[in-house]
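The values are calculated or read from the model by the stated rules, or taken from the named source; none is laboratory data. On a predicted model such as this, the values are computed, not experimentally measured, just so you know. In this analysis, Cβ positions are derived from the backbone assuming ideal geometry, glycine residues included, and neighbour counts consider all displayed protein chains. Ligands, DNA and RNA are stripped out before the accessible areas are found, and what is left, the full protein with its side chains, is counted by its heavy atoms. Shrake-Rupley method; radii C 1.70, N 1.55, O 1.52, S 1.80 Å.
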Amino acid sequence: MRKHLLLLSIIALLYGYSANAIDFSRVNLAWQYDLTFSVKMSHRVVKTDAGNVVFLNISSQNINEWEYEFLMQRDYDSEAHRSFSPTAIDTLLSTKSGVLVKISLPETKDNLLVVKFNKPENFYYYDISLKIGFLSFPEVYPVNANGLPILENYFNRSGNSWWGANSMLAMQYAEKFSMAKPPMAEMEPLSPQVDVDSTFAFRNKAEFLENYFYTVRKDSLATTGVTILRVPPYFPEYRQLVELIEAMFYLTSEQEMKAIIKSPNPKEAFDSFWMNTYSTKSRARLAIRKYYNKVEYSNRLFTDFKPGWKTDRGMIFIVFGRPDEVYRSRNSEEWYYDDGDAFEFTIISTFFAPKTYALRRSKALEEVWFNQIAALRRDINE
């Protein structure tokens, strides 16, 4: 494979540390949650004997119009950073609209790799953590039928292969997590407690069952693993009535949800809710399309060991929409909306996910929540 980054112009300006690092408490990262933004990035970090490997996917219809630079710094609040010129970059896949590369990084005390990309007068940053808390990333990773790394946290096909060890250990869990509680609910333990459904060893390929999630490790002594949720082939969309009804949780009252679920004809009850709420067939169809688009986007953006719409960030995204401003640190992420609404998420590392985002709940958010639900039910465009 070629040892250069096809289609990308890498700017290597300095070695050593400069005076000013990137202060992510002042850098708006909202573009990362905008699926209409002209550039999309995703990645996976893998531990190796020599350091880390970062698989980075960059897609854009105008990819050649951007310039790219890699930066390294100790953390989100570091006082200095350095421009970094990777010595080993393999192009794994190149198309007219994107590139997938493998970046080999030596051992370093830096915990953050930053991709800076820009056009004249427009700068954006994509942050890649190189550690899970104080732990390294796992040594194993999933690959697709073409041998390319899978960067998503879910499988919607069976029989995917794995790379990184001669044999691996899989722990199977039933995906029975409830959806996120509203912002004014009581805080719950941040780290999920789940009983193992079964454990099995495999070599390079294993069949994973739908509606289960799996943590795959090199062996029983490994302290980190890769968590993968097994989902239907059409995921991140939802198509089955039971899925569509469940995802209405944030928009309905408890009584409305129970009535739909217990109805002798759930499909009729489902249709009646949307018609009764939005008055006409055309408005109901528009509301359904917009609502489930946000469910799909949440699944794309936030899925970890449970579907994205069930996560705290997914809930806020569905009800309040994409945030206008996002600021991140090692331990927290803040969302701001132009109308004044704001939410803060605590970031922790768990056995199931390198980063779990838990909403900081407060009774003070009750009025904000119900006002927004009422606005959605008046007009899904709001």
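Scanning region 55-70 for residues that are among the aliphatic types (A, V, I, L, M) and modelled with pLDDT under 90 gives a single hit, I63.
Please count how many residues of region 312-348 are of a type in the set (V, I, T) and closer than 17 Å to S42 by Cβ.
Residues that pass the stated criteria total 1.
Of all the numbered requirements in (1) open to solvent by less than 20 Å² (accessible area, probe 1.4 Å); (2) under 30 Å from L112 (Cα atoms); (3) among the hydrophobic types (A, V, I, L, M, F, W, C), L301 misses one, and that requirement is (1).
Contact map, region 272-283: first residue under 14 Å from R377 (Cβ atoms), second residue open to solvent by 30 Å² or more (accessible area, probe 1.4 Å), Cβ cut-off under 6 Å, separation 6 or more or different chains; pairs are W274/I288; T277/R377.
Kindly indicate the residue of region 156-200 that is open to solvent by 40 Å² or more (accessible area, probe 1.4 Å) and of a type in the set (D, E) and also farthest from G314 (Cα to Cα) among those meeting that condition. This residue is D197.
Okay, residues lined up against (1) more than 23 Å from the chain's Cα centre (by Cα); (2) not in a strand (DSSP E or B):
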{"site": "E152", "(1), (2)": "no, yes"}
{"site": "S158", "(1), (2)": "no, yes"}
{"site": "A165", "(1), (2)": "yes, yes"}
{"site": "M171", "(1), (2)": "no, no"}
{"site": "S178", "(1), (2)": "no, yes"}
{"site": "M184", "(1), (2)": "yes, yes"}
{"site": "E188", "(1), (2)": "no, yes"}
{"site": "D195", "(1), (2)": "yes, yes"}
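The set of residues in region 81-112 that are part of a loop (DSSP other than H, G, I, E, B) and at pLDDT below 90 comprises S85, P86, T87, K96, S97, E107, T108, K109, D110. I need the full set of residues from region 236-262 which are surrounded by fewer than 15 Cβ atoms within 10 Å (Cβ to Cβ) and closer than 26 Å to F155 by Cβ, in order please. Scanning region 236-262 gives R239, Q240, L241, V242. When L14, L35 are checked against the criterion of being modelled with pLDDT under 90 and part of a loop (DSSP other than H, G, I, E, B), L14 stands alone in meeting it.
Name the single residue that is most open to solvent (accessible area, probe 1.4 Å) among those in region 103-126 being under 30 Å from L221 (Cβ atoms) and within 20 Å of the chain's Cα centre (by Cα).
Across region 103-126, the extreme among qualifying residues is N111.
Here S220 meets the list (1) more than 23 Å from A358 (Cα to Cα); (2) touching a Lys or Arg at 6+ places or on another chain (Cβ under 6 Å); (3) of a type in the set (G, A, S) almost entirely, failing just condition (2). Within the option set R361, R328, being within 17 Å of M179 (Cα to Cα) and of a type outside the set (A, V, I, L, M) holds for one residue only, R361. Within region 337-352, being more than 19 Å from L135 (Cβ to Cβ) and assigned to a strand (DSSP E or B) holds for A342, F343, E344, F345.
Which ones in region 214-235 are open to solvent by 20 Å² or more (accessible area, probe 1.4 Å), assigned to a loop (DSSP other than H, G, I, E, B) and under 16 Å from V143 (Cα atoms)? Once the filter is applied, which keeps residues that are open to solvent by 20 Å² or more (accessible area, probe 1.4 Å), assigned to a loop (DSSP other than H, G, I, E, B) and under 16 Å from V143 (Cα atoms), region 214-235 yields only K218. Can you confirm whether G340 is among the small types (G, A, S), open to solvent by 40 Å² or more (accessible area, probe 1.4 Å) and out of contact with any strand residue (DSSP E or B) (no Cβ under 8 Å at 6 or more places or on another chain)? Answer is yes for this residue. The single condition among (1) farther than 22 Å from Y126 by Cβ; (2) of a type outside the set (G, A, S); (3) surrounded by fewer than 21 Cβ atoms within 10 Å (Cβ to Cβ) that M315 does not meet is (3).
Among the residues examined, N153 does not qualify as open to solvent by 30 Å² or more (accessible area, probe 1.4 Å) and over 21 Å from K218 (Cα atoms). Looking at this structure, is S129 buried (at least 19 other Cβ atoms within 10 Å of the Cβ) and on the phi < 0 side of the Ramachandran plot? Taking the combined requirement at face value, the residue satisfies it.
The residue that is surrounded by the most Cβ atoms within 10 Å (Cβ to Cβ), among those in region 33-73 that are small (G, A, S) and touching a strand residue (DSSP E or B) at 6+ places or on another chain (Cβ under 8 Å), is S60.
Restricted to region 127-140, and to residues that are of a type in the set (V, I, T) and assigned to a strand (DSSP E or B), which residue is farthest from the chain's Cα centre (by Cα)? Top of the filtered list is I132. Just one of the numbered conditions (1) open to solvent by 40 Å² or more (accessible area, probe 1.4 Å); (2) assigned to a helix (DSSP H, G or I); (3) farther than 30 Å from A174 by Cα is not true of E334: (2). Condition (residue is without any contact (Cβ under 8 Å) to a residue 60 or more places away in the chain and of a type outside the set (V, I, T)) applied to region 227-234: is it met by at least one residue? No, region 227-234 has no match at all.
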